[in-house]
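Encoded as structure tokens, the structure appears first; notes follow it.
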Protein chains: 2
Amino acid sequence: MVSAPAETAVLALLLAEGPLSRVELARRTGLSSTAVTKAARPLIDDGYLYELPPERTAPGAGRPVNPLAVAPDREFFVGVKVSPDHLFGAVCDLRAGIRVTASLPLTDCRPDTVTAVFTELIDELLGCEPEFRDRTRHVGVAVSGDVDRDSGLVRHSGLLGWSDVPLAGLLTDATGLAVTVENDVRALTVAEHWFGEGIGTGYFALVTIGAGIGSALVVNGELLRGAYGVSGEVGHICVDQAGPRCRCGAHGCVEALASTDAILRVVREATGRTELTFEQVVELARDGEPAAREAFARAGRAIGVGIATLVNLVGPERVVVSGEGLAAYDLFGRHIKDAFAAHAFGAASRCPLLLRPLPWEEWSRGAAAVAIQALFPQYAATAATGSG
Amino acid sequence: MVSAPAETAVLALLLAEGPLSRVELARRTGLSSTAVTKAARPLIDDGYLYELPPERTAPGAGRPVNPLAVAPDREFFVGVKVSPDHLFGAVCDLRAGIRVTASLPLTDCRPDTVTAVFTELIDELLGCEPEFRDRTRHVGVAVSGDVDRDSGLVRHSGLLGWSDVPLAGLLTDATGLAVTVENDVRALTVAEHWFGEGIGTGYFALVTIGAGIGSALVVNGELLRGAYGVSGEVGHICVDQAGPRCRCGAHGCVEALASTDAILRVVREATGRTELTFEQVVELARDGEPAAREAFARAGRAIGVGIATLVNLVGPERVVVSGEGLAAYDLFGRHIKDAFAAHAFGAASRCPLLLRPLPWEEWSRGAAAVAIQALFPQYAATAATGSG
């Protein structure tokens, strides 16, 4: 683990932004040049950083500078997303570049089944390259639901049917690796904040749309957790007090109007065709069927109002919109953007909404990003530290 | 100004929590006992801290300890709230205790009028006690609208009709004092976070209800500002897309349903009595008039949904509800609490809503709390540092 604050600052900046000179590192971290040089030394000795060849400088501009760069192969990190029927895994390098992926089916999602399949998946992934097995100490695991990252406990996961499962402990005991467990949307947000659209932003948000509608928020550079573990519940913003009942019990939540299930239900009711699948509803809407088009329009308005609310309250610099729901973005994208523009308050309307497709590998990469964070003491989970 | 990080940590903790022993200070700040003793020394020498008489300890419990305490009279701070027709001022001590208050009317709210009356008010306040004039260096000013605290610029204030007024600079030039300007709801939140219900909370929110509906949020101990200067706009959360048009241009904002003007308008329309005042509407509702009662019920539901949204997204540990609208709390309090309970997601429903009356002195005290913060380098405005 990187322990000194100056080392942490230097490594984190190089991870996010790529090669920088010592002068630039000093300027950006607020450290003195001497402190940067001193902090870089053990990181170079340990192989995390290396010096690039001297940059060509203008004649007479002084001695050439050797920018510092992260050695991405110095250490590898496994990320695993737990879904109800599969484990999706990836090995990533130190800069969250995906090196190999694999998945295994789950016959059920009892914790001991998940643990056994997880062990098998880790073995398969680390077996791909000898250097993976030699240089992997940290695994990140992404789970839908209420997760206490510090203790590694999954407090509640409706999708998996779990309550109070000490997942990090189970997986560490089974594999001997350090395991950090995080909520899946938060994990995705970590990846996007450290290695994607969120680089360098203090305030950042990611919203996922699809079967569920969720978000995670970064404020002052840190993931927002909430005093009661609840935050970023954009899917449970009420946008219509007279709207349909949500699975959470309230009425008119964004999710009750805009999840794939909500869209499917309303089109089935309107058309009387109870056998329709979501894919068929998408086709109907693309063919111009009015009820299907209106269902997507209503969903898009609800999502747009929800994102505007998030932006008006928390003030992100940009919002990434992702999730499997993006496959139908042609049907509700305009409604999302229009409703956002109508409800964003003042200067908040300048906040851009950026679209990012979300293949399943991205969920695994998110989990791996959480494992990369665990290199840094301020993000390390306290409970499961493994044998690393 | 307190400059060393350890001094800052020790003074901030004693300001918020009152007398503590060095051992307790070390435990709470994470500093070593030696570092606490070293940090306290210059603060004692400068008169900010003093040692209390030894605490009685159990026999055999070792030598008695002298808790450290803040000397509240060491320095005074003026807080001024700018309203369209008055300046409201207060002198507060180092622990935000109000020592004296005064107000002066404004004939108009042009910046030069405000500056002249401000100078007069400061003179009147500091003239109350010789020690006020000797020991006051910092003034906090609270203004409704979009304020850039760092530069002291009021970017926009609809209530005052201001755009881009460099208020801190004007007031510093006129008085020679260091002036920090802050949005009024944020200032109130600083006072409540440092010296009130928010003490010790990492996540905290304050919501004001009345002519406007606003909020400010504390996350990880810091006031949330938003990347575009917009945050905490609970008044502009859309709770009914088909609702009435708000002054911001959108439809169905909390403010369009629940501000005093919104309540007044709907009752005037329903009763045909266009001459009604808000006070009369309150009386009608208390007498059981159905349209008036329903207007408050609708307002309460909108506020409750708005607070639930804030809690679901940001996750405060507690929410203080304040503002002149509390005077009618008997009419909509139940609706606020019911709607909050119905829409808070999962464990977020445990977040308590606390009521705090808001006499105008509290606005001035909020401004003074911002001035107290300016003692600490991380909160000091960069532009207007005065002659202090």
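The values are calculated or read from the model by the stated rules, or taken from the named source; none is laboratory data. All figures in this text were calculated on a predicted structure; none of them were measured in a lab. Backbone-built Cβ (ideal geometry, glycine too); neighbour counts: all protein chains shown.
Taken together, the residues in segment A:1-42 that are touching a residue at least 40 places away in the same chain (Cβ under 8 Å) and more than 20 Å from A:I199 (Cβ to Cβ) amount to 4.
Rundown of residues vs (1) within 18 Å of A:E182 (Cα to Cα); (2) modelled with pLDDT under 95; (3) of a type outside the set (S, T, N, Q), yes/no style:
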{"residue": "A:F77", "(1), (2), (3)": "yes, no, yes"}
{"residue": "A:F88", "(1), (2), (3)": "yes, no, yes"}
{"residue": "A:C92", "(1), (2), (3)": "yes, no, yes"}
{"residue": "A:L106", "(1), (2), (3)": "no, no, yes"}
{"residue": "A:C109", "(1), (2), (3)": "yes, yes, yes"}
{"residue": "A:F118", "(1), (2), (3)": "yes, no, yes"}
{"residue": "A:E124", "(1), (2), (3)": "no, no, yes"}
{"residue": "A:G127", "(1), (2), (3)": "no, no, yes"}
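Scanning segment B:324-368 for residues that are more than 30 Å from A:H251 (Cβ to Cβ) and either within 14 Å of chain A (Cβ to nearest Cβ) or without any contact (Cβ under 8 Å) to a residue 24 or more places away in the chain (or both) yields a single hit, B:P359. Within segment A:135-158, the residues that satisfy the criterion of being among the small types (G, A, S) and within 14 Å of chain B (Cβ to nearest Cβ) are A:S144, A:G145, A:S157, A:G158. With the structure loaded, tell me whether B:A339 is closer than 30 Å to B:A12 by Cα, in a helix (DSSP H, G or I) and touching a Gly at 6+ places or on another chain (Cβ under 8 Å) or whether it fails that test. So B:A339 does not fit the description; no.
Let's see how each residue does on (1) within 14 Å of chain A (Cβ to nearest Cβ); (2) under 11 Å from the mean Cα position of the chain (by Cα); (3) on the phi > 0 side of the Ramachandran plot:
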| position | (1), (2), (3) |
| --- | --- |
| B:L177 | no, no, no |
| B:E182 | no, yes, no |
| B:T201 | yes, no, no |
| B:L217 | yes, yes, no |
| B:R225 | yes, no, no |
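Does B:R301 satisfy the criteria of being more than 28 Å from A:H251 (Cα to Cα) and basic (K, R)? Spelling it out, it is not the case that B:R301 is more than 28 Å from A:H251 (Cα to Cα) and basic (K, R).
Of the residues that sit in segment B:247-265 and are of a type in the set (A, V, I, L, M) and more than 9 Å from chain A (Cβ to nearest Cβ), which one is surrounded by the fewest Cβ atoms within 10 Å (Cβ to Cβ)?
Initially, segment B:247-265 is screened for residues of a type in the set (A, V, I, L, M), giving B:250, B:254, B:256-258, B:262-264.
With the extra rule that they be more than 9 Å from chain A (Cβ to nearest Cβ), the set shrinks to B:254, B:256-258, B:262-264.
Working: B:V254: 30, B:A256: 25, B:L257: 26, B:A258: 30, B:A262: 24, B:I263: 24, B:L264: 19.
That would be B:L264.
Kindly check whether there is at least one residue in segment B:236-246 that is surrounded by fewer than 17 Cβ atoms within 10 Å (Cβ to Cβ), more than 9 Å from chain A (Cβ to nearest Cβ) and over 19 Å from B:V185 (Cα atoms). The answer is yes, given that some residue of segment B:236-246 is surrounded by fewer than 17 Cβ atoms within 10 Å (Cβ to Cβ), more than 9 Å from chain A (Cβ to nearest Cβ) and over 19 Å from B:V185 (Cα atoms).
Within segment B:159-172, being more than 14 Å from chain A (Cβ to nearest Cβ) and either modelled with pLDDT of 95 or more or at negative phi (or both) holds for B:L159, B:L160, B:W162, B:V165, B:P166, B:L167, B:A168, B:G169, B:L170, B:L171, B:T172. Scanning segment B:1-27 for residues that are assigned to a helix (DSSP H, G or I), more than 25 Å from the chain's Cα centre (by Cα) and crowded, with 16+ Cβ neighbours inside 10 Å turns up B:A6, B:R22, B:E24, B:L25, B:A26. For segment A:364-376, the criterion of being farther than 30 Å from A:A6 by Cβ, assigned to a helix (DSSP H, G or I) and of a type outside the set (A, V, I, L, M, F, W, C) is met by at least one residue. Entry remark, segment A:275-323: residues being within 12 Å of another protein chain (Cβ to nearest Cβ) and assigned to a loop (DSSP other than H, G, I, E, B) number 3 in total.
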